[in-house]
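Take a look at the structure below.
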Amino acid sequence: MSSSPSTVIEHVVLLKVKSNASDDELKAFVEGVQSLKAIPGVISITVGSTFVEEWMPDRRNGHTHTLSCRLESKDALRIYQDHPLHEKVKKESIVPILAGPLLAVDYESVVVLGDSTGK
């Protein structure tokens, strides 16, 4: 008897970072986002710069960075959003480097793992 697939909540944020953001500001941004893993209910968190390869159309619409947070549940998303650490990182490490409005979306998904063996 197989168990039903588990679902997770994905919180994805696209950011437009100022072109004159310093290396220290960018380091504080990345480290701040990575620190959010300490919030209860966070499964994983990733952050990075967007990119375009020569064979790809540029679909970024000016978004230079992305963060993605996987959470255990909708309740965990609520805890994350209201958590003092999240508020601190937004205020101190994200808002100061924004060049424009960010785009945030949340969705519920079943996790389907790929076959990393290449077979």
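Within region 67-77, take every residue that is open to solvent by 40 Å² or more (accessible area, probe 1.4 Å) and under 15 Å from the mean Cα position of the chain (by Cα) and give me the one that is farthest from residue 17 (Cα to Cα).
Looking only at region 67-77, we keep the residues that are open to solvent by 40 Å² or more (accessible area, probe 1.4 Å), and these are 70, 72-75.
Narrowing further to those that are under 15 Å from the mean Cα position of the chain (by Cα): 70, 72.
Values: 70: 22, 72: 28 Å.
Filtering region 67-77 for residues that are open to solvent by 40 Å² or more (accessible area, probe 1.4 Å) and under 15 Å from the mean Cα position of the chain (by Cα), the one farthest from residue 17 (Cα to Cα) comes out as 72.
If I ask for residues that are open to solvent by less than 90 Å² (accessible area, probe 1.4 Å), part of a loop (DSSP other than H, G, I, E, B) and of a type outside the set (Gly, Ala, Ser), which ones from region 6-26 would you list? Please lay out each step first, then the result.
From region 6-26, those open to solvent by less than 90 Å² (accessible area, probe 1.4 Å) are 6-18, 21-22, 25-26; that's our starting set.
Restricting the remaining residues to those that are part of a loop (DSSP other than H, G, I, E, B) gives 6, 16, 18, 21-22.
Result: 16, 18.
Quick one: in region 78-113, which of the residues that are part of a loop (DSSP other than H, G, I, E, B) and within 18 Å of residue 43 (Cα to Cα) is most open to solvent (accessible area, probe 1.4 Å)?
Among those that are part of a loop (DSSP other than H, G, I, E, B) and within 18 Å of residue 43 (Cα to Cα), it is 113.
If you go through region 3-55 one residue at a time, how many are under 17 Å from residue 83 (Cα atoms) and polar (S, T, N, Q)?
Residues meeting the conditions: 3.
Quick one: which of 6, 22, 35 is within 19 Å of residue 108 (Cβ to Cβ) and not aliphatic (A, V, I, L, M)?
Working: 22 fails: within 19 Å of residue 108 (Cβ to Cβ); 35 fails: within 19 Å of residue 108 (Cβ to Cβ).
From the options 6, 22, 35, the qualifying one is 6.
Could you go through region 27-38 and let me know if any residue there is open to solvent by 80 Å² or more (accessible area, probe 1.4 Å) and over 16 Å from the mean Cα position of the chain (by Cα).
no
Tally up the residues in region 27-56 that are in a strand (DSSP E or B) and of a type outside the set (Gly, Ala, Ser), please.
5
The values are calculated or read from the model by the stated rules, or taken from the named source; none is laboratory data. Remember, it's a predicted structure, so these values are computed and weren't measured experimentally. Positions of Cβ are generated from backbone atoms using ideal geometry, with glycine treated the same way; all protein chains shown enter the neighbour counts. Note: areas computed on protein heavy atoms with side chains; ligands, DNA, RNA excluded. Shrake-Rupley method; radii C 1.70, N 1.55, O 1.52, S 1.80 Å.
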